[in-house]
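Before any comments, here is the structure.
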2 protein chains.
Amino acid sequence: MTGSFPRPGADPFTERTPRVVAARKLTRRAERDKTGRFLAEGVNAVEAALASGTVYELFVTERAAAAHAKLVSAAADSGVAVSLITDRAADGLSETVTPQGIVAVCALVDRPLATVLAGARLVVVLVDVAEPGNAGTVMRVADAAGADAVILAGDTVDPHNGKSVRAAAGSTFHVPLARERDTSAVLSALREAGLRTLAAHGYASLSLDEVTFDEPTAWIFGNEAHGLSETVLSAADEAVRIPLYGKAESLNLATAAAVCVYTSAMAAHRAR
Amino acid sequence: MTGSFPRPGADPFTERTPRVVAARKLTRRAERDKTGRFLAEGVNAVEAALASGTVYELFVTERAAAAHAKLVSAAADSGVAVSLITDRAADGLSETVTPQGIVAVCALVDRPLATVLAGARLVVVLVDVAEPGNAGTVMRVADAAGADAVILAGDTVDPHNGKSVRAAAGSTFHVPLARERDTSAVLSALREAGLRTLAAHGYASLSLDEVTFDEPTAWIFGNEAHGLSETVLSAADEAVRIPLYGKAESLNLATAAAVCVYTSAMAAHRAR
């Protein structure tokens with residue numbers, strides 16, 4: 001179907017069409033791990049996925065095809081299989097409340113740890129992060145701040161989860177990403193790659209505004225409720241807190257990561 | 001019932017108990033506006049509400065009363081009416097997926113614009129912000145950064161919405177808050193209060209890392225999808241963009257606000 005979309009006279013795929021059924025299974029992590037594929041939903045994500053060359057197949061509703069005609073025809077022109085689907089089929093492929101009607105089946109984006117750390121000067125590490133939206137938002141922040149890699153360590157949520165991909169708004173396909181269950185192996189790898197490790201911690205004695213950023217840095221953030229373990233805190237080079245000037249006891253994970261990562265990125269760019 | 005909780009032998013209130021029915025109506029904005037009351041759910045919010053002296057009444061499930069015994073007895077001791085409720089009643093009072101079983105009926109927190117701006121040196125303004133979670137998260141960021149006021153301008157979501165209160169994690173009761181539908185009146189008031197107005201805008205020519213923060217500053221953030229209008233952008237003293245060092249086209253509202261507000265707060269504190 002290369003270069004021709006929609007196929008003349010073709011009926012849209014329904015939620016019972018085998019290819020849609022197969023794609024829908026990718027909303028489950030086990031199926032993603034088994035097949036090495038995942039779903040990228042929404043215009044930002046699909047655009048970034050197409051640019052990164054990882055798309056196997058693209059599903060669009062009639063409405064989405066009309067709204068994003070240029071994107072869809074560019075996909076078809078580049079050899080991606082594009083198929084029209086019904087609204088109900090699109091609902092089944094969506095993990096969000098408001099399906100956008102445009103979903104790509106993509107190859108998983110994660111790569112080996114050593115590969116993504118080579119030459120890195122700014123790295124963001126999430127340890128045991130539970131919320132898919134947080135993982136995606138932090139990937140977007142890392143991308144915006146020019147991070148060279150994002151590492152998902154320990155029992156962190158799958159970055160290929162639909163909510164994570166949606167929150168990342170395309171950044172899933174922009175920043176080199178690695179996953180490693182063994183958090184101490186991640187810390188060793190960061191050290192071997194010549195990165196100073198800074199663990200974000202609400203009760204650290206060192207405040208963010210006292211840190212200098214003239215060396216390659218890896219930021220480490222912990223679980224939403226429990227933060228980082230003592231093991232990680234003592235293995236890191238420094239624990240760093242965000243100064244709290246008001247009455248709030250903390251920031252949430254995504255905003256804390258934004259403050260830390262951007263403060264270091266802006267300082268590093270100023271120093272150049 | 002002052003000082004005694006739970007009342008000996010009392011059955012817990014159910015979802016049909018008139019006081020629970022009345023409280024449940026406060027999940028609707030119209031009812032909040034009419035009665036001047038709202039619900040604060042969760043331990044952080046209830047604790048902050050009690051500290052601010054704005055609580056009329058506290059509802060707790062048996063489980064929550066056991067888990068937060070100190071907080072609950074402190075509330076009863078201070079003269080707040082405390083009532084045990086069933087889990088089902090707690091579900092009805094909750095606007096979140098995981099009810100915490102502890103909900104306070106409080107007085108609305110917003111105050112007149114002129115009152116909250118008096119003497120302010122750091123102010124955060126949201127214009128036409130739609131997502132309650134974003135409003136709450138930005139209030140938490142503003143609180144942490146030591147902001148003197150948060151202004152919700154134009155058609156911005158009600159900060160007394162349950163999702164907003166939850167996301168603010170207590171900051172609803174910490175930072176002086178004003179609401180004003182007339183956004184140009186807000187801009188005039190900021191100017192009259194001696195605040196420089198910085199409008200966050202992705203395509204501004206001035207970058208955040210070029211701005212100095214030695215004068216009182218009001219940050220202005222727009223709607224999640226549409227940003228700020230031309231009218232607001234031209235009325236502000238400066239439009240400021242967050243530098244994007246990677247491939248991401250933008251940050252989301254909450255992380256963008258965190259980066260801008262914290263960059264200015266840390267710079268202002270360093271300059272002191």
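What to note about this one:
- Residues of region B:143-154 classified as open to solvent by 10 Å² or more (accessible area, probe 1.4 Å) and aliphatic (A, V, I, L, M), total: 1
- Which listed residue, of B:Leu228, B:Leu208, is under 26 Å from A:Val123 (Cα atoms), aliphatic (A, V, I, L, M) and at pLDDT 95 or above: B:Leu208
- Residue list for region A:167-202, restricted to those being assigned to a strand (DSSP E or B) and either in contact with a Pro (Cβ under 8 Å, 6 or more places away or on another chain) or farther than 29 Å from A:Pro243 by Cα (or both): A:Leu177, A:Ala178, A:Arg179, A:Glu180, A:Arg196
- Number of positions in region B:200-230 that are aliphatic (A, V, I, L, M) and either on the phi > 0 side of the Ramachandran plot or within 20 Å of the chain's Cα centre (by Cα) (or both): 3
- Among the residues making up region B:234-257, those that are more than 7 Å from chain A (Cβ to nearest Cβ), open to solvent by less than 40 Å² (accessible area, probe 1.4 Å) and over 19 Å from A:Ala147 (Cα atoms) are B:Ala235, B:Ala236, B:Ala239, B:Val240, B:Leu253, B:Ala257.
- Residue in region B:130-142 that is open to solvent by 10 Å² or more (accessible area, probe 1.4 Å) and on the phi > 0 side of the Ramachandran plot present: no
- Scanning region A:88-118 for residues that are out of contact with any Asp or Glu (no Cβ under 7 Å at 6 or more places or on another chain), touching a residue at least 60 places away in the same chain (Cβ under 8 Å) and farther than 21 Å from A:Glu31 by Cβ gives A:Pro112, A:Ala114, A:Thr115, A:Val116, A:Leu117, A:Ala118.
- Condition check for B:Phe38: touching a residue at least 60 places away in the same chain (Cβ under 8 Å), closer than 19 Å to B:Phe173 by Cα and of a type in the set (Phe, Trp, Tyr): yes
- Options A:Asp155, A:Asp214; residue that is outside the structural domain of A:Val103 (by TED's automatic domain parsing) and touching an Asp or Glu at 6+ places or on another chain (Cβ under 7 Å): A:Asp155
- Counting residues in region B:191-203 that are within 14 Å of chain A (Cβ to nearest Cβ) and free of Cβ contacts under 8 Å to residues at least 60 places away in the same chain gives one or more.
- Residue count, region A:142-166 (criterion: within 14 Å of another protein chain (Cβ to nearest Cβ), in a helix (DSSP H, G or I) and more than 8 Å from the chain's Cα centre (by Cα)): 5
- Any hit, region B:204-213, residues being within 14 Å of another protein chain (Cβ to nearest Cβ), surrounded by 24 or more Cβ atoms within 10 Å (Cβ to Cβ) and touching a Cys at 6+ places or on another chain (Cβ under 7 Å): no
- Looking across A:His226, A:His269, one residue alone is surrounded by fewer than 16 Cβ atoms within 10 Å (Cβ to Cβ) and either within 19 Å of B:Gly146 (Cα to Cα) or facing chain B (nearest Cβ under 8 Å) (or both). It is A:His269.
- Subset of region B:168-181 (residues that are of a type outside the set (S, T, N, Q) and more than 8 Å from chain A (Cβ to nearest Cβ)): B:Ala168, B:Phe173, B:Pro176, B:Leu177, B:Ala178, B:Arg179, B:Glu180, B:Arg181
- Residue check, A:Ala107 surrounded by 14 or more Cβ atoms within 10 Å (Cβ to Cβ) and either under 16 Å from A:Arg191 (Cα atoms) or modelled with pLDDT of 95 or more (or both): yes
- Evaluation of B:Pro216 against the conditions (1) away from every other protein chain (no Cβ under 11 Å); (2) farther than 20 Å from B:Asp128 by Cα; (3) surrounded by 23 or more Cβ atoms within 10 Å (Cβ to Cβ) shows that the sole unmet condition is (3).
- Taking helices (runs of 4 or more DSSP H) as the structural unit, those lying wholly within region B:18-98 and holding at least 1 residues that are surrounded by fewer than 21 Cβ atoms within 10 Å (Cβ to Cβ) and in contact with a strand residue (DSSP E or B) (Cβ under 7 Å, 6 or more places away or on another chain) correspond to B:18-24, B:29-35, B:43-52, B:62-67, B:69-77.
The values are calculated or read from the model by the stated rules, or taken from the named source; none is laboratory data. Only a predicted model underlies this, so the values are computations on that prediction, with no experimental measurement involved. In this analysis, Cβ positions are derived from the backbone assuming ideal geometry, glycine residues included, and neighbour counts consider all displayed protein chains. Remember, those area values only see protein heavy atoms, side chains included, never the ligands or the DNA or RNA. Shrake-Rupley method; radii C 1.70, N 1.55, O 1.52, S 1.80 Å.
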